[in-house]
Structures are given as structure tokens and as C-alpha cells.
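Report on one structure; see the data block that follows.
Bear in mind that the values in this text are calculations on the coordinates, not laboratory data. Note that the coordinates shown come from a computational prediction; the quantities given were computed from them, not determined experimentally. Using ideal geometry, Cβ is built from the backbone for each residue, glycine included, and neighbour counts are taken over all protein chains shown.
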Amino acid sequence: MPAITLQAIATVRSTRSAPRDDDWDREQVYIELDPAVLPDEALLGLDTFSHVEVVFHMDRVKPDSVETGARHPRNNQAWPKVGILAQRGKNRVNQIGVTICRVLRIEGRKLLLEGLDAVDGSPVLDLKPWVREFGPRGIVTQPEWMTELMRGYWQSPGDVER
């Protein structure tokens, strides 16, 4: 297959500088547009949406840690061995992250967000307003191991209501 070249449009600015699996909602995050790629007005109207989908590159993944087959998520033997495409782990072939975040406000070329699981300096590939009609149609299902894995992802495990 031919290689695809993408250009970053912005950079993540976060209080988290290293990837860790959980507690992402505690981070203060904004995305800053690259003025060489997009003008400030590219964000115009994005704050009329409650959420934005952020597509970013997980550029800290070391090439030798990329997974292509199956593994136990987070190496937890209690969870089933599943293919890398049945998980949302960072150690994927193209290291593309996609997260739906709450839009807090826009300040010039900065988009302030809540709930972005990207570390400081991560390149942003695209921003898309979250539109209800593009959400899942029908009933959404997932295995129990994923529900268990996600319990502390956005907040500290001790903060999670059970």
C-alpha cells in the first residue's frame, strides 16, 4: 500500500507530559493551531458545539512496541486476548488517537478542552465538531473487560462511582 503523508494542524498543550493509562480528566488541555497551516478563524463557530472529535498522532510510541496481532489488554491476563484492532491501545501501527472532548472555549488560536487523552506536544491531525447524527445508530455494546478497563480512564480509580 502507498504511504500517506499527513500534516499536523495544531499541537496539544497539556499538563501531562508522559503517557499513562488513567486519570485523564484531571489534566488541563488546550489545542493550539499552527499559524503556518491554519488561521485563527479556522476555529470560528466550533464553540457552538458541545463536543469536538480530536484526531491526533501518538508520536511517543516506540517502533519496537507496536503491536499487530493479539494480546491481553494492558497485559492483564484476567482479560481475554484480543486483536489490536479490538482495543484502543496506543501501540498500534499508525499510532492515531481519536477522542471526543468537551469544548470549554476558544481563546484566539487556542481551543480549550476537557477530556483529551493526549500528552503535551502531541501533533493534532484534525478537529471535527461532534454531530449527534454521526454518532452510533442502534444499541451500543461492548465486552465487560472493556467496561472494567475504562473505570479509571477519565478519573482516578478512587473517584469512580460503582
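A few notes on this one:
- Reachable lysines from LYS81, criterion Cα separation under 19 angstrom, eight or more residues apart if same chain: LYS90
- Exposure proxy order (Cβ contacts within 10 Å, fewest to most) of SER17, SER50: SER17, SER50
- Over the chain, DSSP H runs of length four or greater, each weighted -39,500 (n - 2.57), average out per residue to a 222 nm ellipticity of -1000 deg cm²/dmol.
- Kirkwood Rh, Cα atoms: Rg over Rh of the stretch 9-90: 1.05
- Taking the charge dipole of the stretch 10-159 about its Cα centre, with +1 at Lys and Arg Cβ atoms and -1 at Asp and Glu Cβ atoms, the residue from LEU111, LEU43, PRO129 reaching farthest to the positive side is PRO129.
- One quarter of the convex hull surface built on the alpha carbon atoms of the stretch 10-159 amounts to 10.1 nm², the projected area averaged over directions.
- Calculated P(r) tail over 17 Å for the stretch 93-162, as whole % of Cα pairs: 63 percent
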